[in-house]
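Read-outs throughout are calculated quantities, based only on the coordinates presented, and are distinct from any laboratory measurement. Keep in mind that this is a model prediction, so the values were computed, not measured. With ideal geometry, Cβ positions are generated from the backbone for all residues, glycine too; neighbour counts draw on all protein chains shown.
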């Protein structure tokens, strides 16, 4: 598979001398792959994403995105990358939803008519056309996340970068947002890399997971099924097993012959098999 992101032995030193050092499981994103970066606060998750989007330049190591160094040549690849920030308010700049989503196409030289068509198309694909003329300020947190997603996708990027995309959402809205991102990225064959501390969400989302902890300079790579069945390993990163896996492990401890699922859908299928 073609690798569109490659990060090797990244080290970054901030002006206050804070050092983020991540060597070991070198991070890579293949075309069409969905990656989750998990770790405790201060582990370097956001630092990794800022290097991918060219906001930071590594003190040591290499970062390549679509074959270039994003800190030096981001202009060559910026139309290939959609970004959603942790604080979504920082990127919603239009007074109304349609004006906000039109902002990027207009700044890339598309005409007003073309920009409007592109914005209306992505709003329709995300099923949020009804928000078109709403004032951004009055939207709910979940609606703002969907508008930010529309803005990130309006130029048809090949890579979507999400920094703590579920922060501040209630469980129902969070689940709907995950399903929406899953659907649109599957339909458009978009690669995804997200940072999060929410281990419950990623098992049904990510193909590959990176556990990172810059403080101890440790990292691990694997599928959700591989990593989430190692509770002692997870604790090294201040993480606990997802509740779903704890439940099935308890069943096994009680003598129930059941496999350990990798996702909620797989768990449902396993239980239905037992019932029938």
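Seen against the Cα atoms of the chain and their longest principal axis, helix 97-107 is set at about 70 degrees. With contributions of -39500 (n - 2.57) from each DSSP H run of at least four residues, the per-residue ellipticity at 222 nm computed over the chain stands at -11000 deg cm²/dmol. Exposure proxy shown here: for 1, 118, the number of other Cβ atoms within 10 Å sets the order, fewest to most, as 1, 118. On a 0 to 90 degree scale, rounded to 10, what angle separates helix 141-153 from the longest Cα axis of the chain? The angle comes out at about 70 degrees. Judged by the mean number of other Cβ atoms found within 10 Å, the most tightly packed of the peptides 232-239, 212-219 leads the ranking 212-219, 232-239. Spin-label model, residue 182 to residue 62: label points 7 Å out along the Cα-to-beta-carbon direction sit 3.6 nm apart. The mean sequence separation of alpha-carbon pairs under 8 Å and at least six residues apart, normalised by the residue count of the chain, gives a relative contact order of 23 percent.
Taking a ≥ b ≥ c as the square roots of the eigenvalues of the alpha-carbon gyration tensor, region 169-276 is classed oblate because a/c is 1.5 or more while a/b is no larger than b/c. When the chain is treated as a Gaussian network with alpha carbon springs shorter than 10 Å, the biggest mean-square fluctuation among 15, 157, 261 belongs to 15. As a rough footprinting exposure proxy, the listed residues 62, 46, 273, 196 were ranked by other beta carbons within 10 Å of their own, and the order from fewest upward is 273, 62, 46, 196.
How many angstrom lie between the C-alpha centres of region 136-196 and region 236-270? Distance between centres, Cα-based: 27 Å.
For residue 246 and residue 215, what is the calculated FRET efficiency with R₀ set at 22 Å and r taken between the beta-carbons, to the nearest 0.05? Calculated transfer efficiency: 0.25. On a 0 to 90° scale, report how tilted helix 264-275 is relative to the longest principal axis of the chain, with both axes built from alpha carbons and the result rounded to the nearest 10. The angle comes out at about 40 degrees. Both radii are taken from the alpha-carbon atoms of region 3-239; with Rh as the Kirkwood radius, Rg/Rh is 0.97.
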